[in-house]
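Readers should treat all values here as calculations from the given coordinates under stated rules, not as data from a laboratory. Not measured: the values here are computed from a predicted model. When we count neighbours, we look across all protein chains shown, and the Cβ atoms used for this are built from the backbone with ideal geometry, even at glycine.
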Amino acid sequence: MTTTDIAPRTSIDPAAAEEFAGRVLTIFDNAAAALMISIGHQTGLFDTLTGLRPATSRDVADAAGLDERYVREWLKAMTTARVVGYDPEAQTYRLPTEHAVSLSRASGPKNLAVLTTFISMLGEVEPAIVECFRTGGGLPYSAYPRFHETMAGVSGAAVDGALLDVLLPLAPGLVDRLRRGIDVLDVGCGRGHAVNLMAGAFPASRFIGYDFSEEAIGWARDEAAELGLTNAGFEVVDVARMRDSGRYDLVTAFDAIHDQADPAGALAAAFRALRSGGTFLAGDVKASSNLEDNLGIPWGTYIYTVSTMHCMSVSLGLDGAGLGTGWGHQLASSMLAGAGFTDVKVNEVEAEPFNLYYVARKP
Ligand SMILES: C[S@@+](CC[C@H](N)C(=O)[O-])C[C@H]1O[C@@H](n2cnc3c(N)ncnc32)[C@H](O)[C@@H]1O
């Protein structure tokens, strides 16, 4: 097919068409690189390379305890992606220190490689999502067998890096109150790492995590037991239907509102669960409710992709609102106000650039 087949009656700019074709090829190639980065993260290859001088594929494979043939092919992909440097004479590979900052676990919240695990997870549901385009509806959480593991990997890096030192201090006086001892509920807690981290840091406070995933709650309980925490508990609860009333001084929600079937119901339930004067602290995806404002976000396509293939879909799968990952701060703020919260503040946080942090109060 030629370009004239596509638009026979309009003239097209061949240079623009060619330039765009180049962009599509770059997208295609970068998508392949994302899969390889995900594998590099999961196999620990970036962590191995971070500690190595220039090394052959054999040396890298031995140091990582992996199969040399696969490691060699992966190194070639990472070389063509300009992630790894290659010396053709010595046939050695090297991960520049500047690249290791974004790719190794030692970098904590600066490790961006962990994000690519979402891309490969989404690939698993592509056939089912294609079917949703034809039939509408959505998918159950069970369609994503790796979801909780992947989510905990991504959020764990952010939480470890920022929760105690940056996020909790966003609410004035909260850290002091946590030190003295208050009641805290985390809704949609997933594998519960945020709850366990807070419980360890504030032994005088009492923490509960609710999630409707039995698998995730099981993990959360196991981690609390391993850490010997006596002030952290977890329950399988649909948070939009929870009946808790006036029980908590702090309710948190980390990336756990927009993908719910009934996000307005969940916010209303969080409001009801708080004591008067209590604080609601929620992290949710940094985006505007207006598409045009999101064009400048470097990971804007990712936001709408993860929405189409997970966050919107799991909500629609429960006949829910399907708000989507890019519901944005305007809609979030108005829904918080609609639930009864006052003094809603929307915070941007340098240490955690993917989310906005909402601090609100129950009057
Ligand atoms: C995007 S994950 C975030 C998990 C966790 N807060 C984190 O940051 O890792 C959203 C979580 O909300 C849970 N969830 C969704 N709808 C829920 C509901 N109605 N009641 C309880 N949990 C729900 C999911 O099972 C999932 O664990």
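Structure above, values below:
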{"quantity": "Viscosity 1.002 mPa s, temperature 20 °C, Stokes-Einstein D of the stretch 243-340 from Kirkwood C-alpha radius, µm²/s", "calculated": "153 µm²/s"}
{"quantity": "Counting DSSP beta bridges with both ends in the stretch 209-363, the antiparallel % (nearest 5)", "calculated": "55 percent"}
{"quantity": "Cleavage-rule hits, trypsin sites (Lys or Arg not before Pro), the stretch 45-138, DSSP coil, Cβ neighbours within 10 Å at most 11", "calculated": "Arg82"}
{"quantity": "The chain: angle of helix 328-338 to the longest principal axis, Cα-based, in degrees nearest 10", "calculated": "10 degrees"}
{"quantity": "Convex hull per residue volume in Å³, alpha carbons only, for the stretch 121-361", "calculated": "114 Å³"}
{"quantity": "Global geometry of the stretch 88-232, whether rounded, prolate or oblate, following the gyration tensor of its Cα atoms and the 1.5 cut on a/c", "calculated": "oblate"}
{"quantity": "Relative contact order (%) - criterion: Cα under 8 Å, at least six apart; region: the stretch 3-107", "calculated": "26 percent"}
{"quantity": "Over the chain, relative contact order from alpha-carbon pairs under 8 Å, at least 6 apart, %", "calculated": "12 percent"}
{"quantity": "Cα point-scatterer Debye curve for the stretch 301-363, base-10 log of I(q)/I(0) at q = 0.19, 0.21 Å⁻¹", "calculated": "-0.84, -0.94"}
{"quantity": "Helix-only CD estimate at 222 nm, as mean residue ellipticity for the chain, using -39500 (n - 2.57) per DSSP H run (n ≥ 4)", "calculated": "-13500 deg cm²/dmol"}
{"quantity": "Under 24 Å from Lys362, Cα to Cα: lysines that are on another chain or at least 8 residues apart", "calculated": "Lys286, Lys345"}
{"quantity": "Hz values of 3J(HN,Hα) by residue in the stretch 111-116 - Karplus curve (6.51, -1.76, 1.60), Gly and Pro given as x", "calculated": "6, 8, 4, 4, 4, 5"}
{"quantity": "Computed log₁₀ I(q)/I(0) - Debye formula, equal Cα scatterers, no solvent, the stretch 3-107, q 0.18, 0.21 Å⁻¹", "calculated": "-0.81, -1.04"}
